[in-house]
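Following: one structure in structure tokens, then a few remarks.
The values are calculated or read from the model by the stated rules, or taken from the named source; none is laboratory data. Since the structure is predicted, the reported quantities are computational estimates derived from the model, not experimental observations. Backbone-built Cβ (ideal geometry, glycine too); neighbour counts: all protein chains shown. Just the protein is used for accessible areas: all its heavy atoms, side chains included, with ligands, DNA and RNA removed. Shrake-Rupley method; radii C 1.70, N 1.55, O 1.52, S 1.80 Å.
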Amino acid sequence: MLDIKYNHKIVEEGKYTNWINKDYFLSGDNTKTPFSMILPPPNVTGKLHLGHAWDVTIQDIIARYKRMNGFDVLWLPGMDHAAIATEAKVVAKLKEQGINKYELGREKFLEKSWEWKEEYAQNIRQQWAKMGISLDYSKERFTLDEVSVKAVNHVFISMYEKGLIYKGKKIINWDPIAKTALSNEEVVYKDIEGAFYHIKYFIENTDEYLDVATTRPETLFGDTAVAVNPKDERYNKLIGKNVILPIVNKLIPIIGDEHADMEKGTGVVKITPAHDPNDFEVGNRHNLDRVVVINEDGTMNENALMFNGLDRFDARNKLIEKLKEEKLLINIEKITHSVGHSERTNAIVEPYLSEQWFVKMAPLAKKVLENQKNKKTKVNFIPKNQEKILENWMNDCYDWCISRQLWWGIRIPAWYKDNEMKVQVESPGDGWIQDNDVLDTWFSSALWPFSTLGYPDNTDLYNRYYPTDVLVTGYDIIFFWVARMIFQGLEFTGKKPFKECVIHGLVRDKSGRKMSKSLGNGIDPMDMIDQYGCDALRFFLTTNSAPGQDLRFDEEKVKSTWNFINKIWNASRFTLINTENIDEIKLTNLSFSDKWILTRLQQTIQSVTNNMNKYEFNNVGAELYSFIWDDFCDGYIEFSKFNMDKKSTQSTLIYVLTNILKLLHPFMPFVTEEIYSNLAIKENESIMISDYPKYNDNLVFADTINLMKETREFITKVRTIKKDNNIKKDSLFTFNSSNDEIKILISNCLKLNDDNIIIENQGNYNKLQIVSKTNILENNLVYYYKETEDEKNKIMNELNKEKDKLESSILKREKLLSNTGYINNAPKDLIEEEKRKLENEKLALEDIVKKIASYN
RNA sequence: GGAUUCUUAGCUCAGUUGGUUAGAGCACCUGCCUUACAAGCAGGGGGUCACAGGUUCGAGUCCUGUAGAGUCCACCA
């Protein structure tokens, strides 16, 4: 038997291990229809946060739901090596121990990185277990696994051969701390305090100068021109002349280029082709030299003359001093501007001319856009509006820099000897040296939906489970990952990698801020599990926002979810206590309330299933919450208390509870398993492998719904009257109904007995109020008691208020029903319903009017 | 500059293809230990759905505009 209170710690103990031991999470039953999902692989850099918890719970709900619906579910777990993120952490850890990455050497460093990976992978698996998620561990993958590396090499070589990958010298984002190139997506812009430095560039052979403003004065050593707009009448006559580059004292030309914006700054812009992407383009147009002035580590090089070897920011300060001395500095204008930072090391990113590998995006993006136009082959996003984000990005993207000057990752399969290059996996022979760089971590993750299944080999796994059915992830990762999986999937498998893409939002803190380490407002999901249990956390995370919307974390809500589970626990306790000796479930000779709750259950099953299929878990949550709490607990269980001698009641109790547990199981795997295991009658050894409830028309008694609604409203109304008028239990009153079952139900709920139900007479009592007539209850209820003059007035007020309300409502309905537009256009049943209500209200009004008259 | 989401009760949020008198949780008020649950039960109060127009028989929902908030992309000499 269940304890008096729900204890999540006891309930969750041991269940996950048991499920694993029973092989419930394994895929591979070929008699069933396959259903596959790939878990977005977390980085092996740290702990799972609430966003992960949300993401995996959505997937687990889908997996468990599909499994209970008879599918062979493959939910494939894995982790991402997270090239730069992990490398940065390992470097930092080594630094604490006084070890330098470069002194350690590539091989030793990789050993340390693998140690790190093993440690963190173990943490992550423990957290998955705590979350109760049903992953098929027999298929677990890592992005540096042999299968993954094989796919990556295959794809790289093939793209190179197709001309979709090329090596080129371009301006890329350079992280001077990690000393690697970054893609644009790995750069985060932050507003910081900076300045416009206005510098004098004297025009050759004159005393005149141009006022050139820059935020990065140290790059002036790399200036190879000054540009003005050809339409700018202030300056265009100067085009073709030279200016003297300050400090360096060499001559550079004044050129005319559209890039110079007349509205912006002074209208004059210095051109540094090696250190600015726009200037690079200008340089190409005008055939300018590209002078690199900064080293890989962010120090200045010999081109910076006396600042050679200084850090770029030191050099900036010293240069400004120098310019002041030379009277070349006009002024310093303080500004706040946004500056790119490395996502992982937080270093200020330097636009840097360097030779890197790129993926040519245009043809791939085009493929995605075209595929999205085809209803049959497109990836369906949930919610649908997220498709626009993808299209937006695909419409406007530039080539993807995929080489990283790191060690932790998949090494680029290119080999060099003298001036020759060969792109292949194996070394072409003696003297050939492999490219030192590794690939962007997203290059391997982009192949994840098929590399994990064995692609490019023709494996059974790949054939059975690809394309996958659903991918679940946050909208923040559409560019990084979703888009890239789609174009790689289309390019290499000829198919979309997943049929549906369920997008969720971000978890925010209580005041709506993003959760982040720097703000220190992060919540550890493991703490929440410890306090409220995994089931409460899961239900909270997945039922408190609409699809695609952000979720504000509120511990109070997790707490109230715990209360809900405790409620389920106690309803189960009640059911178990009263069905201990039952040996079969027999849904015959059903009472009115049995029929009603069974019908409500069927309605709930239908609606929940519908919402589950649409991934609208917030609706499922609301549906289950109100069915369980309002209908089952507050309604049916209360009614069952005076019907418990009936076999049908016991059967209905256990039948409805069993169905409730199954409907809840995808959301709350632990507590539903615990209660299920205590049922007197059950079909399976575990709820996990039981069948999901199916709508059953034989258990629908449609007419009970309105009857029960009216009955319960009536009961509420009487209680309200009693309460408002401070009527004690022993008051006398009467009501009548042609339906005996309803009569009994009301008597019981209102705790009436023969002594205080009277049909006639008032004795010492006065009439108090009559509850309005309804379809099922006739001339029904009168309370009697002695009242004071004040009370009398109060009652009259109430009656008049009720009368006014009815009158205005009737007027409104009559107006509506005489509106030909409404009659012609509104659905028929809606009009019928309206007419019915009008009739009822008229009856009720008649009643009230009579009562008011008799009162006086 | 472009895109996108949002604005509904004191707070946090739902609200399906337009269709009765707009819902929930928490908070609030009143009364109850009615043996499944006081982390509960019973009852109650609280919203001119940001604002202004428009379409419609009918708008929280669709369209246009305004204001405010968030996010992404681009720019940032």
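Once C-alpha pairs closer than 8 Å and six or more residues apart are averaged by separation and normalised to the residue number of chain A, the relative contact order reads 12 percent.
DSSP beta bridges confined to chain A are antiparallel in about 70 percent of cases. Note on A:I20 and A:T206: the extension gain reaches 58.6 nm, defined as 0.36 nm multiplied by sequence separation minus the Cα-Cα distance. Pairs exceeding 21 Å between alpha-carbon atoms, taken from A:K5/A:K557; A:K22/A:K66; A:K15/A:K130; A:K647/A:K682; A:K812/A:K835; A:K231/A:K334: A:K231/A:K334. Think of each Lys and Arg Cβ as +1 and each Asp and Glu Cβ as -1; about the Cα centre, that makes the dipole of chain A roughly 1400 debye. FRET efficiency for the A:I99 to A:S809 pair, using the beta carbon distance and R₀ = 60 Å, is estimated at 0.15. Which residues among segment A:413-437 fall inside the zone where the amide N is under 16 Å from a point 7 Å beyond the Cα of A:V292, along Cα→Cβ? Only A:436-437 fall inside the zone, counting backbone N under 16 Å. What does the charge add up to near A:K694, with Lys and Arg as +1, Asp and Glu as -1, over the other residues with Cβ less than 14 Å from its Cβ? Once positives and negatives cancel, what remains is -2.
Ranked by the mean number of other Cβ atoms within 10 Å per residue, highest first, peptides A:688-700, A:151-163, A:664-676 order as A:664-676, A:151-163, A:688-700.
Would you work out if segment A:326-480 is rounded, prolate or oblate? Take a ≥ b ≥ c from the square roots of the eigenvalues of the alpha-carbon gyration tensor; rounded if a/c is under 1.5, else prolate when a/b is larger than b/c, oblate otherwise.
Note, shape of segment A:326-480 comes out oblate.
The modelled label-to-label distance between A:K322 and A:K376, using points 7 Å beyond Cα along the C-beta direction, is 6.8 nm. A:K170 contributes about 60 Å² of solvent-accessible surface, heavy atoms of the protein only, 1.4 Å probe.
Could you work out the relative contact order of segment A:15-157, using alpha carbon pairs under 8 angstrom and six or more residues apart, expressed as a whole percent?
Reported relative contact order: 35 percent.
Under the simplified labelling scheme, the A:D829-A:L817 pair shows an inter-label distance of 2.0 nm, with each label point 7 Å from Cα along Cα→Cβ. Among A:N570, A:F592, A:T604, flag the residue with its Cα farthest along the positive direction of the charge dipole of segment A:518-617, charges on Cβ as +1 for Lys/Arg and -1 for Asp/Glu. Going by the charge dipole, the pick is A:F592. Residues in segment A:284-301 carry Karplus couplings, in order, of 4, 5, 10, 6, 8, 5, 10, 9, 7, 10, 10, 7, 4, 8, x, 8, 7, 9 Hz; the curve used is 6.51 cos²θ - 1.76 cosθ + 1.60 with θ = phi - 60°, and Gly or Pro positions show x.
Per-residue packing, averaged as other Cβ atoms within 10 Å, sorts the ranges A:319-327, A:376-384, A:653-661 into the order A:653-661, A:376-384, A:319-327, beginning with the highest. Helical content of chain A, expressed as a calculated mean residue ellipticity at 222 nm, amounts to -13500 deg cm²/dmol (DSSP H runs of 4 or more residues, -39,500 (n - 2.57) each, divided by residue number, nearest 500). Once all protein chains are placed together, A:I823 keeps about 70 Å² accessible to a 1.4 angstrom probe.
Let me check something: with ligands and nucleic acids excluded, how do A:Y16, A:Y137 order by accessible area (1.4 Å probe), largest to smallest?
A:Y137, A:Y16
Taking the accessible area of chain A, probe 1.4 Å, and keeping the other protein chains in place, the carbon and sulfur fraction comes to 47%.
A Stokes-Einstein calculation at 10 °C with viscosity 1.306 mPa s, built on the Kirkwood radius of segment A:1-86 over Cα pairs, returns a diffusion coefficient of 103 µm²/s. Rounded to 0.05, the FRET efficiency of the A:Q122 and A:I335 pair, given R0 = 51 Å and the Cβ-Cβ distance, is 0.60. Normalising by residue count, segment A:227-288 has a Cα convex hull of 90 Å³ per residue.
Remark: chain A carries 46 Å² of accessible area per residue (probe radius 1.4 Å; ligands, DNA and RNA excluded). When you count the other C-beta atoms within 10 angstrom of each residue and take the mean per peptide, A:213-223, A:234-244 line up highest first as A:213-223, A:234-244. Cross-link partners of A:K89 among lysines, defined as those whose alpha carbon lies under 24 angstrom from its own and excluding same-chain residues fewer than eight positions apart: A:K47, A:K101, A:K108, A:K112, A:K117, A:K179, A:K190, A:K514, A:K517. Relative contact order for segment A:398-535: 17 percent, from Cα pairs under 8 Å spaced at least 6 residues apart, divided by residue count. Protein-only accessible surface at a 1.4 angstrom probe places the residues A:D460, A:D535, A:D29, A:D3 in the order A:D460, A:D3, A:D29, A:D535, largest first.
Note that segment A:591-599 has calculated 3J(HN,Hα) couplings of 7, 4, 6, 4, 4, 5, 5, 5, 5 Hz, one per residue in order, obtained from phi through the Karplus relation 6.51 cos²θ - 1.76 cosθ + 1.60 (θ = phi - 60°); glycine and proline are x. Using label points projected 7 Å from each Cα along Cα→Cβ, tell me how many nm separate A:E713 and A:W629, to one decimal. Computed distance between label sites A:E713 and A:W629 equals 2.2 nm.
Karplus-derived 3J(HN,Hα) values for segment A:158-164, using 6.51 cos²θ - 1.76 cosθ + 1.60 with θ = phi - 60°, are 5, 5, 4, 5, 7, x, 8 Hz; glycine and proline are entered as x. When the charge dipole of chain A is built from unit charges on Cβ atoms (+1 for Lys and Arg, -1 for Asp and Glu) and taken about the Cα centre, the candidate among A:T336, A:I823, A:M37 whose Cα reaches farthest toward its positive end is A:I823. Angle of helix A:740-749 to the longest C-alpha principal axis of chain A, folded into 0 to 90 degrees and rounded to 10: 70°.
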